[in-house]
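Notes for the one structure printed next.
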Amino acid sequence: MLLLQNLRFAAIVILLCVNCLHGSIPFAASSYEFTAYRMQQYNLAKQNHGCRGAIVVAEARAVDEPVLTRRCVIMRVVDFTTKTYSEAQRQHAAAILILLPKNMSSILPEAMQSFMMSESQALMKESLMPVYVAPENEQLLYMYEEVKKAASARTSSVFIRVLRSMVTATAFQILVTNNAPIKAITDTTLVTLEGVLPGAGDDLPTIVITAHYDSYGLAPWLSYGADSNGSGVIILLELARLFQKLYSSPSTRPRYHLMFSLTGGGKHNFLGTKRWIEENLDHAESSLLHENVAFVLCLDTLANGDQLYMHVSRPPKSDTPMYVFIQHLDEVVSSRFPWMKTQLVHKKINLVESTVAWEHERYSLRRIPGFTLSHLEDPKSELRGSLLDTVSQVDLRKIKRNGIIIAEALARHMYNFSDKSLPQDVQLFKGRLDFHDSRISSLMSFLTSVPRATQLMDKEPAHILLINSLEHEFKQYLQQVHRHTFRQDRRDPDITFFDQMNQPVVMYRVKPAAFDLFLGGCIMAYLGIVYYAIQNFDYFYRKLKAAVKTKLH
């Protein structure tokens, strides 16, 4: 009987060990559901961009694993580079899941630059591999650390690796629960807002100030565009507010019409601007764009840096209003902000290309003089469309500074300060005409409260409310406010978006197949011990009885 008890105890110990190994993971839930946001997918100018896939059923693996085939590669921002993205594609990985930190300021500048460059390059091409982005949380970070540990274990001895894989390792399965086919969206509408401050007199020249309000990034639902182009929208709205005060009094109303426009589709070949220009020039019987346009000033990405670049399609002649205004810009910068630099950047429009680089090129194609003001020199800069373009990465003081420079230069031009004996450092916009820090901050918070990707602006209630609020701002300070809604031709759309941009994803823990073999071996060993004990019961009983007699004598 004592031997049977020992055998029973041994079997119980084996089962307890197996149970402990199976339950060694401290992560409370065996499955966890979260929302992930799919990489951009759209067709523009007969070119496909973004990822075409959405379905994921694969085991999670770290980016530094040697084999990624048919695996879901888990990355943080610091891991996502052009090299790792290309390697995942080369190995035919099932998917990529990028974990986006809540605090963007925690990312080192080098890592941020690397991510944005990789993001920009990934969006230029088409990929069949699904790419998802999810905000970091405790559960996802735990999964990331576990797959990293599994990857690092491959440096151990073969025996330790096999034992860990068989007994202690826990794998994570990633599953996109929505298996519906991806559908094309061809009915996206673009909204452009227009308002005017009429000048004093008839047959006056018009200055147009414009900015696009949409954003762009790897995933539409996570693209907030604080610098590009929230900064341009903020400066435009502040210019409308301040110049409304000057235009409201007959004594200070200049002999210029001031026209403002906020355009949609700016991140997609400036389609909203293109349609708005066509409507004004080709269809409207009367429009300020028909008449004497002095120049068009496009505001794009103005929340950082100590440089201002004036991008033009052709250098302005010395006797043109645009040339004079650029001279005023230089004067304001040199007199009030001498540490800053200004530079004229000339880039010809390549008529062979189907896309344009800057918004002013849309006007230049219709022979309307214009230029774009930005702190970026390169139109292909990754800063113009990134998930990392958030409030934490902009400098509100520089938005204010750049707004003051533009406002002062406009006032000098419209009031013809060059013909008057005024000091170069004269300040018009101060006191009640000053840019308000609190308003700039609140406008930035408002604009980045929701992602402003083009494909979302006409679909979601919060985004429709944002457009309505911008229209309300126009009506508060401007006259002749119009809302232009441009609908695409479904048979031949300019741009085609696709659905399933945010997906429910389930992450659940699984043991590797080797663990089933190990567990089966333990059960077979237990059954073998029991069977052997039963078959040899008489033998064990005689041995035990003889041992007891010997002990008694």
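Name the pairs whose Cβ atoms lie under 6 Å apart, with the first residue in the stretch 348-366 and not assigned by TED's automatic domain parsing to the domain that holds Asn48, the second assigned to a loop (DSSP other than H, G, I, E, B) and aromatic (Phe, Trp, Tyr), and 6 or more positions between them or separate chains? Every condition considered, the pairs that remain are Glu359/Phe270; Arg362/Phe270. Looking at Tyr42, Tyr142, Tyr37 in this structure, which one is under 17 Å from Gln173 (Cβ atoms), touching a residue at least 40 places away in the same chain (Cβ under 8 Å) and of a type in the set (Ser, Thr, Tyr)? One residue alone meets the criteria, Tyr142. Would you pick out the residues in the stretch 270-312 that are modelled with pLDDT of 95 or more, polar (S, T, N, Q) and more than 22 Å from Leu443 (Cα to Cα)? Thr273, Gln307 - these are the residues of the stretch 270-312 that are modelled with pLDDT of 95 or more, polar (S, T, N, Q) and more than 22 Å from Leu443 (Cα to Cα).
One residue stands out in the stretch 313-351 among those that are among the hydrophobic types (A, V, I, L, M, F, W, C) and closer than 19 Å to Arg366 by Cβ: the one that is modelled with the highest pLDDT, namely Met322. Pairing residues of the stretch 105-128 that are closer than 17 Å to His49 by Cα with residues that are assigned to a helix (DSSP H, G or I) and of a type in the set (S, T, N, Q), at Cβ distances under 9 Å and at least 6 apart in sequence or on separate chains, gives Met117/Thr82; Ser118/Thr82; Ser118/Thr84; Gln121/Thr82; Ala122/Thr82; Ser127/Gln89; Leu128/Gln89.
For the stretch 233-253, the count of residues that are under 30 Å from Arg491 (Cβ atoms), out of contact with any strand residue (DSSP E or B) (no Cβ under 7 Å at 6 or more places or on another chain) and buried (at least 23 other Cβ atoms within 10 Å of the Cβ) is zero.
Checked against (1) touching a strand residue (DSSP E or B) at 6+ places or on another chain (Cβ under 8 Å); (2) surrounded by fewer than 14 Cβ atoms within 10 Å (Cβ to Cβ), Lys46 meets all criteria but (1). Can you find even one residue in the stretch 66-85 that is crowded, with 21+ Cβ neighbours inside 10 Å, among the basic types (Lys, Arg) and in the same structural domain as Phe34 (by TED's automatic domain parsing)? Looking through the stretch 66-85, at least one residue is crowded, with 21+ Cβ neighbours inside 10 Å, among the basic types (Lys, Arg) and in the same structural domain as Phe34 (by TED's automatic domain parsing).
Of the residues Val352, Val345, Val356, the single one that is hydrophobic (A, V, I, L, M, F, W, C), outside any helix (DSSP H, G or I), within 29 Å of Gly217 (Cβ to Cβ) and touching a Lys or Arg at 6+ places or on another chain (Cβ under 7 Å) is Val356. Applying the criterion of being within 33 Å of the chain's Cα centre (by Cα) and assigned to a loop (DSSP other than H, G, I, E, B) to the residues of the stretch 184-213, the residue that is surrounded by the fewest Cβ atoms within 10 Å (Cβ to Cβ) is Asp187. Take the conditions (1) farther than 26 Å from Glu119 by Cα; (2) modelled with pLDDT under 90; Ser105 misses just one of them, which is (1). Of the candidates Gln480, Gln476, the single residue that is closer than 25 Å to Val208 by Cα, in a helix (DSSP H, G or I) and over 23 Å from the mean Cα position of the chain (by Cα) is Gln476. Scan the stretch 122-139 for residues that are surrounded by fewer than 20 Cβ atoms within 10 Å (Cβ to Cβ), part of a helix (DSSP H, G or I) and touching a strand residue (DSSP E or B) at 6+ places or on another chain (Cβ under 9 Å) and the total you get is 2. Selection of first residues in the stretch 312-327 that are of a type in the set (Gly, Ala, Ser) and of second residues that are surrounded by 18 or more Cβ atoms within 10 Å (Cβ to Cβ) and in a helix (DSSP H, G or I), restricted to Cβ pairs under 8 Å at least 6 apart or on distinct chains, gives the following pairs, ordered by first then second residue: Ser313/His360; Ser313/Glu361; Ser313/Ser364.
The values are calculated or read from the model by the stated rules, or taken from the named source; none is laboratory data. None of the values given here were measured: they were computed from a predicted structure. Using ideal geometry, Cβ is built from the backbone for each residue, glycine included, and neighbour counts are taken over all protein chains shown.
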